[in-house]
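Remarks on the structure that follows.
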Amino acid sequence: MIMILSGGTILMRLNDFNIHNFRAFLEYFSMVSATIFCSWMTHGYLRLHEPQGVSKQLRPIVRIAAAMLAAFGLNYLSVIMTPHQYMFPDLVFRHTYADFLRLLIGAFFVSMICHIVWSSLTVSIMLQKAQLENEHLKQAHLRAQLLSLQQQISPHFLFNSLSTLKHIAHDKGTKDFVVQLSHVYRYLLSINEHQVTKLADELNFIDSYLYILYQRFEGDLKVQINIPERYYNYLIPPLAIQLLIENAIKHNALSPELPLLIDIFIENETLTVRNTLQPKKFPVESTRLGLQNINERFLLLFDKQITIENTTESFTVHLPVISHDRYYH
């Protein structure tokens, strides 16, 4: 990039060179290359270390101004330190306002060119990253659909069987269990077509899922959900809450004397799932694949990461929630 700009500048002034004065050519080429390099590196540094307290709209102006001043300073030193007899007679620096203005304008154009090229490269990288992430998300979604298809039998057969079981069951407890199991299975089938789901739909699924867990663990498990209604239309990846509940049950001991407590609530604009920490006597080896899966989905869908707090008393996961309007616009 720097060589191309330097070479272009040389070609524009090619008629000013004497074929025998190769030293003047090298000096001018070195001066132009150093000026462009200085401006280029200034832009790069300020992009990596954004100035604090400067709004996003003003940051390009700050970068352009800083790179222009750096290029002007280097250019000024070059014309002062280079012997005049090796430069062009019309470019001899006489310390006039016109000379300063000429160097300043040249530095401005160099800075602008570097800014344009940097911006083009940044946009290109962002587009490539977005395309790559979109492709990864499509592949992950296809793998999830394939796995679901491999693991499920005919949905119609299962729903018909559950419907039959509900009608032949004599007690209300069995009927209710079959209904909740049907809700869980229907939700699991429906989410194969969606990458995100409304929090309200996820919570309805969690109610049915918890009903089944309560029948299994009775008083050993207690889950408290406190989500304000204004968050019901917010979006999250499906099954994110269910995976955290399942993870808590997997790694903690449950008993009537010491039930596992799980709280699900909103804290600092994040959906928080917190469970008491009461490890089993023989701990289950953790692969952390469940948490990794949730985090990858949040990154791909919302460009946000989950946060984890692990203390001696509790294990907490904060899930970002995204409004419907923000996600689709």
Checking Ser255 against (1) of a type in the set (Ser, Thr, Tyr); (2) closer than 17 Å to Asp201 by Cα; (3) free of Cβ contacts under 8 Å to residues at least 40 places away in the same chain: exactly one of these is not met. Which one? (2)
Among Ala200, Ala240, Ala253, Ala248, which is open to solvent by less than 60 Å² (accessible area, probe 1.4 Å) and touching a Phe, Trp or Tyr at 6+ places or on another chain (Cβ under 6 Å)? Ala200
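Can you report the number of residues in the stretch 256-269 which are open to solvent by 10 Å² or more (accessible area, probe 1.4 Å) and either part of a strand (DSSP E or B) or at positive phi (or both)? Show your work before the answer.
Let us first name the residues in the stretch 256-269 that are open to solvent by 10 Å² or more (accessible area, probe 1.4 Å), namely 256-259, 261, 263, 265-269.
Those left that are additionally either part of a strand (DSSP E or B) or at positive phi (or both): 261, 263, 265-269.
Number of matching residues: 7.
Has the stretch 166-182 got any residue that is in a helix (DSSP H, G or I) and within 15 Å of Val273 (Cα to Cα)?
So far as the stretch 166-182 goes, no, none of its residues is in a helix (DSSP H, G or I) and within 15 Å of Val273 (Cα to Cα).
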If you check every pair at least six apart or on different chains, which have Cβ atoms under 7 Å apart with a residue in the stretch 185-207 that is modelled with pLDDT of 80 or more first and a residue that is hydrophobic (A, V, I, L, M, F, W, C) and exposed (fewer than 15 other Cβ atoms within 10 Å of the Cβ) second? Leu203/Ile225
Among all residue pairs at least 6 apart or on different chains, which show Cβ distances below 8 Å where the first residue, located in the stretch 49-61, is on the phi < 0 side of the Ramachandran plot and free of Cβ contacts under 8 Å to residues at least 24 places away in the same chain and the second is open to solvent by 50 Å² or more (accessible area, probe 1.4 Å) and in a loop (DSSP other than H, G, I, E, B)? Arg59/Glu50
Residue list for the stretch 256-270, restricted to those being among the polar types (S, T, N, Q) and modelled with pLDDT under 90: Asn268
Cβ pairs under 8 Å, 6+ apart or interchain, first in the stretch 277-293 and charged (D, E, K, R) and surrounded by fewer than 11 Cβ atoms within 10 Å (Cβ to Cβ), second in a loop (DSSP other than H, G, I, E, B) and modelled with pLDDT of 85 or more, ordered by first then second residue, are Lys281/Ala253
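The values are calculated or read from the model by the stated rules, or taken from the named source; none is laboratory data. What you are looking at is a predicted structure, and each value in this text was computed from that prediction instead of being measured. Glycine also receives a Cβ, built like all others from the backbone with ideal geometry; neighbour counts cover every protein chain displayed. All accessible areas refer to the heavy atoms of the entire protein, side chains included, with ligands and DNA or RNA removed. Shrake-Rupley method; radii C 1.70, N 1.55, O 1.52, S 1.80 Å.
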